[in-house]
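Engineer: My structure is below; once you've seen it, I'll send some questions.
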Amino acid sequence: MTQIRNLFDTGKDIQRTIEKVITYQASQEQRLKAEISEYIATESIEQQLEQLLEKMQAAMEAGSSHEVGVWVSGFYGSGKSSFTKYLGLAFDQRVTIDGKPFLRHLQDRLHRATTKALLSKLAASFPAAVVMLDLASEQIAGASLAEVSTVLYHKVLQYAGYSRNVKVAALERRLRKEGRYAEFEQAFQDDTGEKWADYRNDDLVVDSIVPRLAHKLYPNLFRTDQAFSTASNDIVYLMNDRVQEMIDVVREASGKEHIIFIVDEIGQYVGSQQTKILDLQGLAQNLKDLGNGKVWIVGTAQQTLTEDDPRAAINSPELYKLKDRFPITVALESSDIKEICFRRLLGKSAVGATELGALFDRHGQALRQHTKLSDAKFYDAGFDRETFTNLYPFLPAHFDILLHLLGALAKSTGGIGLRSAIKVIQDILVEGAGSLKPVVDRELGWLATTVTLYDALDKDIRRAFPSIHQAVDKVLIRFPDDELCLGVGKTVAVLQILGNLPVSVENVAVLMQPAIAAASLADKVKGAVDRLLKDPIVPLGEKDGWLRFFSDTDGYRGTEGQSGAFPEDRESLRRVLEQLREPKSRSLKFLSLPEIPLKKSPKMRG
């Protein structure tokens, strides 16, 4: 029997290193070389890039009458960071790989001659200083409530090589304008024996040394060696003054008239917080007014700025207020991610494609029927022979569910430690999920399911949705040898996290379809659901016709007079779970369980 690994194109090593996520901070030449060599520009992505470049060209040529705010949206892991990072690096003439401008490497990944030519023309006509800020990892320590303009201002100081202390940075700017910066550096070294560049952000050194040096260099301005204060908490900025200073600092440091500010995860950062949204509005408006079409701001977000988009489910109404400041939009779609995963990872050899095509010819019609979701407006489960061949061992709905699931996890945790969609797919293929063997070692015909996705993201789900994860653990305790009940529990958990797909017995069965040629699981899943509903400990119930897990806060009581949480002997049950998660320990017959009193009253369902 053919193993799944034998289906793939041998020219692509499915076990090669794929970055967990693309970050702005990763700027080493070899890292960039590896990243750009893997970049896939789909037809949709390239078309949107060209439209964006056309708008940038019009603004830069005409001046202040044009908009300069760009909103790049897409699910977590959809490629927003790579799209904006590579766009910025293409305009930054300082960035090279193997002696060749980064621009050329990006052009090599494009297909449309018009896009390549326009990118080359703009980069040559309007070379820009590019300042990239990742709000997910570069927030100001101890100041999580800081507005975007404040964080960006500190990033600009870092870009220009100034101290993060705003007063010290102001002193440095004066010194540079007057041509005395080298004198200051030498004075610092004479005083301390150290280089200023190594200590400009050391608060203790700045507080003790800089006031004395300021008095020495400007005795008429600072009459004593303590007259210069490094404290900045009493400084009040008007937004237009701060924005003008940022523009001036970047231009002085780079020698470039055009500037592109790129801010990653801006939507996640401002969320629904009114003060941050108002600050971002003011920042974008002032960049437009003061930049005269030469200063751009590009933000990325999971959220869109349109009210009627399907992804509006994760939008906050307040974000919609930003639409006038960020009227230029780039929307990366889930279809792009499917194509990228196929082209980078799931491509089949000619022989593999032929074998899968023949399998689809025999079973495709029944498979489509067995995997058709009901009332699934956010999920396109339809597929033809070519799509099936390209995406196998996954189906189209799996990608949509994975992207929505990653978005929900990122919304809860900020995305820290979370893998991109393609990295999750690769890990499932070559490492397996949970205690299961790698997918590539399975026999042809096996299909991924929502259980596969749950197992691959088990730790992330536990961290982001602990009550739902605990409910699945209870299924594991009560039904350790019933794979069907375990699968139902994990599938309900995934759908409950998503919240935009009916959690019906029919849909659960569809998403648990185990193999291409297998019969529908509908009847078996219904039986498993009934067993779970009748169990006194598993907190599965129904609400508004949907299955769901209930928590203590929902008012669920698993036994008469007791909470639906674990019985009192929690330590004992913790040990049980640890043993159950071992691949060889899937039976309770050798374990000592605490006595669990059965309830006498029916379970509350809602």
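Where a number appears in this text, it was derived from the coordinates with a stated rule and is not lab data. Quick caveat, the model's predicted, so the values are computed rather than measured. Heads up, the Cβs are rebuilt from the backbone with ideal geometry, glycines too, and the neighbour counts pull from every protein chain shown.
Engineer: Could you work out the pair-distance distribution P(r) of the stretch 335-533 from its alpha-carbon pairs, with 10 angstrom bin width and percents rounded to whole numbers?
Structural biologist: 9, 36, 40, 14, 1
Engineer: Excluding ALA227 itself, what net charge comes from residues whose Cβ is under 13 Å from its Cβ, given Lys and Arg +1 and Asp and Glu -1? Please list the in-between numbers first.
Structural biologist: Values: positive: LYS167, ARG212, LYS216, ARG223; negative: ASP225.
Spelling it out: positives minus negatives among the neighbours equals +3.
Engineer: Rg (Å, one decimal) plus Dmax (Å, integer) for the alpha carbons of the stretch 166-231?
Structural biologist: Both quantities, over Cα of the stretch 166-231: 10.7, 28 Å.
Engineer: Residue separation times 0.36 nm, minus the C-alpha to C-alpha distance between LEU290 and GLU252: what's the value?
Structural biologist: 12.1 nm
Engineer: Show me, bin by bin at 20 Å from 0, the whole-percent P(r) of the chain based on Cα pairs.
Structural biologist: So the P(r) values, bin by bin, are 17, 43, 30, 10, 0.
Engineer: What length, rounded to one decimal in nm, is gained on full extension from GLU178 through to LYS437, with 0.36 nm per residue of separation minus their alpha-carbon distance?
Structural biologist: Details: separation 259, 0.36 × 259 = 93.24 nm, distance 6.68 nm.
The GLU178-LYS437 span can extend by a further 86.6 nm.
Engineer: Quick query: amide H of ILE328 versus all other amide H atoms, modeled in the peptide plane; which residues come in under 5 Å with a sequence gap of 5 or more or a different chain?
Structural biologist: Under 5 Å from the amide H of ILE328 lie the amide H atoms of GLY69, TRP71, each far enough along the sequence or on another chain.
Engineer: In degrees from 0 to 90, rounded to the nearest 10, what is the angle of the helix 274-291 Cα long axis to the longest principal axis of the chain?
Structural biologist: In the chain, helix 274-291 runs at an angle near 50 degrees to the longest axis.
Engineer: What angle do you read, to the nearest 10 degrees and between 0 and 90, between the alpha-carbon axis of helix 522-534 and the longest principal axis of the chain?
Structural biologist: 80
Engineer: What aspartates and glutamates sit close enough to LYS20 to cross-link, taking a C-alpha to C-alpha distance under 15 Å and skipping anything fewer than 8 places away on the same chain?
Structural biologist: Filter leaves GLU35, GLU38, ASP427, GLU431, ASP460.
Engineer: Determine how many Å³ per residue the convex hull of the Cα atoms of the stretch 363-470 encloses. Could you put the intermediate results ahead of the total?
Structural biologist: On the way: hull volume 12.5 nm³, N = 108.
Convex hull volume per residue, Cα atoms: 116 Å³.
Engineer: Using the structure shown, list the pairs from LYS377/LYS459; LYS377/LYS411; LYS256/LYS423; LYS167/LYS323; LYS338/LYS459; LYS85/LYS348 with a Cα-Cα distance above 32 Å, or answer none. Working shown, then result.
Structural biologist: On the way: LYS377/LYS459 28 Å; LYS377/LYS411 21 Å; LYS256/LYS423 37 Å; LYS167/LYS323 35 Å; LYS338/LYS459 24 Å; LYS85/LYS348 30 Å.
Checking Cα-Cα distances, LYS256/LYS423; LYS167/LYS323 exceed 32 Å.
Engineer: Can you compute the modelled spin-label distance between ALA358 and ALA197, with each label point 7 Å from Cα toward Cβ, in nm?
Structural biologist: About 6.5 nm separates the two model spin labels.
Engineer: Next up: If only Cα atoms are counted, what is the Rg of the stretch 1-98, and what is its Dmax, in Å?
Structural biologist: Rg, Dmax (Cα atoms, Å): 17.6, 66.
Engineer: Hey, another quick one. Charges only on Cβ, +1 for Lys and Arg, -1 for Asp and Glu: so what's the dipole of the stretch 335-533 about the Cα centre, in debye to the nearest 20? Before the final figure, lay out each step's value.
Structural biologist: Numbers: 23 positive and 23 negative charges, 70 e Å.
That gives a dipole near 340 debye.
Engineer: For the Cα atoms of the chain, what angle does the longest principal axis make with the long axis of helix 80-91, in degrees from 0 to 90, nearest 10?
Structural biologist: For 80-91 against the chain, the angle is about 30 degrees.
Engineer: In addition: By how many nm would the segment from ASP544 to ASP324 grow when fully extended, if each residue of separation counts as 0.36 nm and the alpha-carbon distance is taken off? Could you put the intermediate results ahead of the total?
Structural biologist: Numbers: separation 220, 0.36 × 220 = 79.20 nm, distance 3.85 nm.
Difference between extended and current length: 75.4 nm.
Engineer: Right, next: Under the rule that an exposed site lies in a DSSP loop and has at most 10 other Cβ atoms within 10 Å, name the longest stretch of the chain with no GluC sites (Glu not before Pro) of that kind, not counting the sites themselves.
Structural biologist: My reading of the result: 1-306 is the longest stretch.
Engineer: Which distance in nm do the two modelled labels at SER272 and ALA62 give, with both placed 7 Å along the Cα-to-Cβ direction?
Structural biologist: 3.7
Engineer: Once you place label points 7 Å from the Cα toward the Cβ at THR387 and THR10, how far apart are they in nm?
Structural biologist: 3.2
Engineer: Place a +1 charge on the Cβ of each Lys and Arg in the chain and a -1 charge on the Cβ of each Asp and Glu, then give the dipole magnitude about the Cα centre in debye, rounded to the nearest 20. Kindly include the intermediate steps, with their values, before the conclusion.
Structural biologist: On the way: 77 positive and 81 negative charges, 146 e Å.
It works out to roughly 700 debye.
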